[in-house]
Amino acid sequence: MIIEINGEKKEWEKTRSLAEMIHDLGYEGARIAVARNDEFVPRSDYATVQIRDGDRLEIVSPMQGG
Amino acid sequence: MTDPTLPMWPIGGRQLRSRLLLGTARYPSLAVLQQAIAASGAEVVTVSLRRESATERAGTHFWSAIKEMGVQVLPNTAGCKTVKEAVTTAEMGREIFETPWLKLEVIGDDYTLQPHPFLLVEAAEELCRRGFQVFPYTTEDMVVAERLVQAGCSILMPWGAPIGSGQGLNNPYALRTLRARYPDVSLIVDAGIGKPSHAIAAMEMGYDGVLVNTAVARAADPVRMARAFGLAVESGRLAYLAGAMPVQEMAEPSTPVTGTPFWHQS
């Protein structure tokens, strides 16, 4: 399946939970928040949310701002 | 630095000493940013969200630097152009920064970065319903202000001038009118401040606070300028509380005239 992470398309072998995906992408321990298809996903839902073909993920973290 | 006679500032459910809010963007380095925050005396800093790379983790480093300062953060929705983007960004910010405080920005024009009045009101309604403490970045427009207050905002942040322009208070009449019309709403001038004198002018009008970023970050010496703004905001607040003298059309001698040497009846 193909998913889009922060605007870049990536090929993934199988459907998996958001928690597994965050781990595999190397975000473990980073201070992040996630939106899936423009909807906020609370941290408590990472384990239960299943990623599907065509999903768009935004993975963000703190940044300087005015 | 803070004058002991100045009462605490109740804002968004907190009690603060400094009425200066400082942006964290565009500094030469994280170290300079930290020194500028300390020098300014600001207890609130604005922060944002950006896409994070798993390898670089720039955001995680930035967050550590801010946490070291022990300041309250005010997450923004910079760059959002729709209600949906603003609401999703706000929710992500609330989780990451662990605060219901939110500087709501919904931009309606790319050239002036003017807030979009209709979408701003719509987003504010939704975010107030969701329990956010909304600090809406708005224009000086009175009717938009009224709609934001109706939406549940107890704080308004009218612009002084376009973001990053340093022009100061472009419409002092409208800002004064807003102050007079909403004596119980916390009013903070956000955007366009270029010099400490602009911040003093806003505070002398009775504004509750001033939010500054570029004027400090892009000064030749940001740390010294941060201190200048901290003093300016405090000075302006003291002046407002003290009450300025009325302006006179003609001169009035300040030195008492009685007993002036060489005086003759003419």
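The values are calculated or read from the model by the stated rules, or taken from the named source; none is laboratory data. Bear in mind the structure is a predicted one, so any value in this text is a computation, not a measurement. Note: ideal-geometry Cβ built from the backbone for every residue, glycine included; neighbour counts use all protein chains shown. Ligands, DNA and RNA are excluded from the accessible area calculation, which covers all protein heavy atoms including side chains. Shrake-Rupley method; radii C 1.70, N 1.55, O 1.52, S 1.80 Å.
Odds and ends about this structure:
- Scanning the stretch B:186-198 for residues that are within 13 Å of the chain's Cα centre (by Cα) and part of a helix (DSSP H, G or I) yields B:196, B:198.
- Which numbered condition residue B:170 misses (of (1) touching a helix residue (DSSP H, G or I) at 6+ places or on another chain (Cβ under 6 Å); (2) assigned to a loop (DSSP other than H, G, I, E, B); (3) farther than 26 Å from residue A:61 by Cα): (1)
- Only one entry in B:180, B:219, B:201 is in contact with a helix residue (DSSP H, G or I) (Cβ under 8 Å, 6 or more places away or on another chain), in a helix (DSSP H, G or I) and of a type in the set (Gly, Ala, Ser), namely B:201.
- Residues that are farther than 28 Å from residue B:11 by Cβ and basic (Lys, Arg) were ranked within the stretch B:48-83; the one that is surrounded by the fewest Cβ atoms within 10 Å (Cβ to Cβ) is B:51.
- The residues of the stretch B:136-178 that are more than 14 Å from chain A (Cβ to nearest Cβ), open to solvent by less than 40 Å² (accessible area, probe 1.4 Å) and among the small types (Gly, Ala, Ser), listed by number, are B:145, B:151, B:168, B:174.
- Qualifying residue in the stretch A:25-42 (condition: of a type outside the set (A, V, I, L, M, F, W, C), open to solvent by 60 Å² or more (accessible area, probe 1.4 Å) and touching a residue at least 24 places away in the same chain (Cβ under 8 Å)): no
- Enumeration of residues in the stretch A:2-17 that are away from chain B (no Cβ under 14 Å), at pLDDT 90 or above and surrounded by 12 or more Cβ atoms within 10 Å (Cβ to Cβ): A:3, A:17
- Of the strands (runs of 3 or more DSSP E) that lie entirely inside the stretch B:12-104, those containing 1 or more residues that are facing chain A (nearest Cβ under 9 Å) and farther than 26 Å from residue B:223 by Cα span B:44-51.
- Cross-chain or 6+ apart pairs with Cβ under 8 Å, the stretch B:200-221 first and open to solvent by 40 Å² or more (accessible area, probe 1.4 Å), then assigned to a loop (DSSP other than H, G, I, E, B): B:204/B:244; B:218/B:26
- Pairs with Cβ under 7 Å, 6+ apart, first in the stretch B:153-169 and more than 17 Å from residue B:218 (Cα to Cα), second of a type in the set (Gly, Ala, Ser) and open to solvent by 30 Å² or more (accessible area, probe 1.4 Å): B:169/B:201
- Residue pairs whose Cβ atoms lie under 8 Å apart, separated by 6 or more positions or on different chains, with the first residue in the stretch B:122-138 and under 12 Å from residue B:102 (Cα atoms) and touching a residue at least 40 places away in the same chain (Cβ under 8 Å) and the second open to solvent by 30 Å² or more (accessible area, probe 1.4 Å) and in a loop (DSSP other than H, G, I, E, B), are B:132/B:100; B:133/B:13; B:133/B:100.
- Selection status of residue B:17, more than 30 Å from residue B:242 (Cβ to Cβ), open to solvent by 30 Å² or more (accessible area, probe 1.4 Å), in contact (Cβ under 8 Å) with a residue 24 or more places away in the chain and of a type outside the set (A, V, I, L, M): no
- Test: residue B:105 is charged (D, E, K, R), open to solvent by less than 50 Å² (accessible area, probe 1.4 Å) and closer than 23 Å to residue B:210 by Cα: yes
- Index of the failed condition, residue B:166 passing every other in (1) under 30 Å from residue B:141 (Cβ atoms); (2) touching a strand residue (DSSP E or B) at 6+ places or on another chain (Cβ under 9 Å): (2)
- Candidates B:125, B:146: the one that is in contact with a helix residue (DSSP H, G or I) (Cβ under 6 Å, 6 or more places away or on another chain) and either among the hydroxyl-bearing types (Ser, Thr, Tyr) or at pLDDT 95 or above (or both) is B:125.
- A count restricted to the stretch A:43-66 and to residues that are at the interface with another protein chain (Cβ under 9 Å from one of its Cβ atoms) and open to solvent by less than 70 Å² (accessible area, probe 1.4 Å) stands at 9.
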